[in-house]
């Protein structure tokens with residue numbers, strides 16, 4: 001099955017597609033999650049997990065290079081046959097929908113907690129998914145253009161955080177490697193899951209109109225950017241909060257920014273959250289797209305994913321409304337992150353091995 | 001084409017309706033419907049209950065179209081800070097909004113017990129005013145909010161301005177609710193808070209020095225001069241740190257016994273030596289360039305005279321520094337963050353030490369060198 005010819009994106013847009021899919025809801029609590037495992041060496045964990053992701057990206061690249069015009073779903077059909085492949089495809093669709101719902105759930109939880117305590121959760125979730133439906137229904141290139149545009153906001157994000165350099169204590173990162181290697185590795189695991197989103201490579205790669213090596217280059221650039229960005233955020237939080245206070249603040253970035261106040265502007269955390277909402281939106285859109293693209297692959301006659309977006313969105317909204325309260329939402333999102341072991345690490349690698357062993361490749365067009 | 005047009009119109013209509021519906025019905029907070037707390041004082045009564053005193057502005061419409069803004073003070077008791085605030089809400093029309101609070105004043109008694117517990121409610125609230133300044137009041141904080149200083153009709157302007165200006169003359173660094181939170185939890189790094197006395201006769205507050213804290217408790221006080229010295233020893237130079245020293249003792253006119261210098265520039269180096277059996281010796285080298293502000297007794301017309309004064313000043317400064325450091329050690333207030341440095345750079349030794357006890361016994365040797373670099377526009 002071939003994709004619609006005109007719906008392609010450039011390798012430049014591809015960089016931002018992956019960045020925006022990676023940077024999302026988790027960014028607020030990411031430094032804290034890593035800190036609970038790796039202490040004040042968390043920033044090392046982030047760097048290590050960046051390296052691991054790079055390895056994974058190369059594996060993805062090898063896999064996708066063999067099937068240049070196919071997404072993960074068609075590759076599954078091709079390598080494992082339509083019966084098993086269909087089953088795994090279904091699981092992937094469920095996985096992407098679940099990630100989407102956990103994004104919605106965490107988003108509503110944080111907005112409820114930080115700015116709109118009285119606004120009902122369902123409204124926040126419905127609004128977010130409404131934007132998601134609107135953006136994803138169009139062609140992929142529209143989505144990509146939107147991602148490139150809103151990436152400007154990341155600069156605001158960085159600037160707000162950079163301001164905290166005036167109030168940090170550099171001694172807080174010492175002694176480096178106090179607790180040894182194990183905690184850092186445990187932190188790496190947590191960091192890896194905060195940086196999930198790079199699996200979009202498997203879905204988006206065939207849409208990129210360029211050579212295989214350029215696709216890898218784009219993905220690598222976005223990985224490097226995100227890794228540096230995340231380790232910078234983690235480092236700043238450690239420098240700001242120090243060793244003991246950190247364990248009290250589950251959303252360290254917001255908390256840190258809340259304590260700043262400029263002459264004209266107070267409550268900068270609100271500004272920060274507004275920027276963050278866009279990032280949440282883009283990640284949600286990416287998963288919404290991935291899931292509806294999966295549904296589309298079940299209907300070979302249809303060459304457009306847009307009719308399925310609506311169903312996926314409704315399901316993700318319904319699921320996201322189920323967990324309530326900080327602890328339930330936390331459990332739900334932990335459950336979903338554990339699933340990514342299978343869907344981001346396990347299955348793609350297995351698929352690569354399978355295609356290498358069976359020498360399966362996409363037939364070259366004449 | 002026609003269907004597309006109607007579709008677009010429908011979408012536009014839908015959007016408009018949505019905009020009308022989404023005007024923040026749930027979470028709007030109007031200023032006219034809330035009492036903005038701008039300063040708060042916390043005390044503890046003999047039974048261990050918290051007395052919360054708050055100041056909020058009220059606008060009274062005057063007769064000739066002039067409106068007067070007045071500070072209103074109320075206070076209430078409760079088992080915790082939040083409980084006391086809750087009891088306040090029962091007394092006052094409209095709901096309190098503490099998110100704009102500028103200053104927290106702690107009564108001495110409460111500060112000596114624990115300040116974290118009283119601030120917990122602010123850390124926990126997303127709208128909590130974590131950038132409010134913090135200070136300790138000698139006696140009751142309630143008193144400090146009942147005075148009516150002539151400088152400003154509004155106490156919530158008076159206190160922040162007072163603290164800011166005193167900070168500029170070098171008594172302390174301004175600490176906020178957030179900045180002390182980090183220090184409360186930090187190991188081997190403590191903090192100072194401004195220490196105020198209320199003068200009821202003059203209806204004013206006066207900064208008489210700083211309160212030394214260790215973790216969550218106030219453990220001692222420093223005078224203004226000692227505070228300035230400690231700040232300089234910590235490598236922090238504010239805009240106008242000044243010292244007055246006695247340099248003579250044999251004149252009839254007492255004013256002529258003194259010299260006042262303004263610290264112009266400092267250069268501090270801290271060296272920590274640890275012996276294999278964890279005996280700590282800290283060397284604090286501090287070079288100070290000073291301006292002579294006031295010297296009624298003599299004229300600085302030669303470099304020789306300046307040199308002599310340098311020596312006297314160096315001696316006096318070192319004596320003051322020794323006294324100050326001894327006081328911090330007695331109060332177990334590691335303002336210089338020596339413990340943190342040991343933790344950072346000598347972690348092996350740190351693990352064998354117990355800083356809670358060891359800080360008192362380490363030896364800190366100040367080595368101050370004063371150089372007069374300016375003497376004003378006359379000799």
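With everything on Cα atoms, drop me the angle between helix B:155-168 and the longest principal axis of chain B, reported from 0 to 90° to the nearest 10. The helix B:155-168 is inclined about 30 degrees to chain B.
Given the rule -39500 (n - 2.57) for each run of at least 4 DSSP H residues, summed and divided by the residues of the protein assembly as shown, what is its mean residue ellipticity at 222 nm, to the nearest 500 deg cm²/dmol? If you can, show how the numbers build up before the last one.
Numbers: 27 runs with 395 residues, N = 745.
-17500 deg cm²/dmol, from helical runs alone.
For chain B, a Gaussian network of Cα nodes joined below 10 Å ranks B:136, B:282, B:55 by mean-square fluctuation, and the top entry is B:282. For peptide A:264-273, the mean count of partner chain Cβ atoms within 10 Å of a residue's Cβ comes to 1. Run the numbers on chain B and let me know its relative contact order in percent, using alpha-carbon pairs under 8 Å that are six or more apart. Here the relative contact order equals 12 percent. Of B:58, A:280, the sequence from fewest to most neighbouring Cβ atoms within 10 angstrom is B:58, A:280.
Using a Gaussian network model of chain A in which every pair of alpha carbons under 10 angstrom is joined by a spring, one finds that among A:60, A:107, A:343 the greatest mean-square fluctuation is at A:343.
Over every Cα atom in segment B:29-145, the radius of gyration and the widest Cα-Cα span, Dmax, amount to 14.5, 50 Å. Counts of other chain beta carbons within 10 angstrom of each beta carbon in peptide B:177-189 average 5.
Equivalent ellipsoid semi-axes for segment B:241-379, as square roots of 5 times the alpha carbon gyration tensor eigenvalues: give them largest first, rounded to whole Å.
On the way: eigenvalues 280, 46, 24 Å².
Equivalent ellipsoid of segment B:241-379: 37, 15, 11 Å, largest first.
Cα convex hull, segment A:41-147: 168 Å³ per residue, rounded to a whole number.
Between A:236, A:131, A:176, where does the largest GNM mean-square fluctuation fall for chain A, given springs only between Cα atoms within less than 10 Å? Result for chain A, Cα springs under 10 Å: A:176 fluctuates most.
Compute the helix-to-body angle for B:2-21: its Cα long axis versus the longest principal axis of chain B, expressed 0 to 90° and rounded to tens. The angle comes out at about 60 degrees. What separates the Cα centres of segment A:291-366 and segment B:182-231 is a distance of 59 Å.
As an equivalent ellipsoid, segment B:257-303 spans semi-axes of 37, 11, 9 angstrom, where each value is the square root of five times an eigenvalue of the C-alpha gyration tensor, largest first. Its alpha carbons considered, chain A gives a radius of gyration followed by a Dmax of 20.3, 66 Å. All alpha carbon pair distances within the protein assembly as shown were sorted into 10 Å bins beginning at 0; the resulting P(r) in whole percents reads 3, 12, 19, 19, 17, 13, 9, 5, 2, 1, 0, 0. Ranked by how many other Cβ atoms sit within 10 Å of their own Cβ, fewest first, the residues A:166, B:26, B:350 fall in the order A:166, B:26, B:350. Roughly how tilted is helix A:121-136, in degrees to the nearest 10 and between 0 and 90, from the longest Cα axis of chain A? The angle comes out at about 40 degrees.
Every number in this text was worked out from the coordinates using simple rules, so none of it is lab data. All of these numbers come straight from a predicted model, not from anything done at the bench. Backbone-built Cβ (ideal geometry, glycine too); neighbour counts: all protein chains shown.
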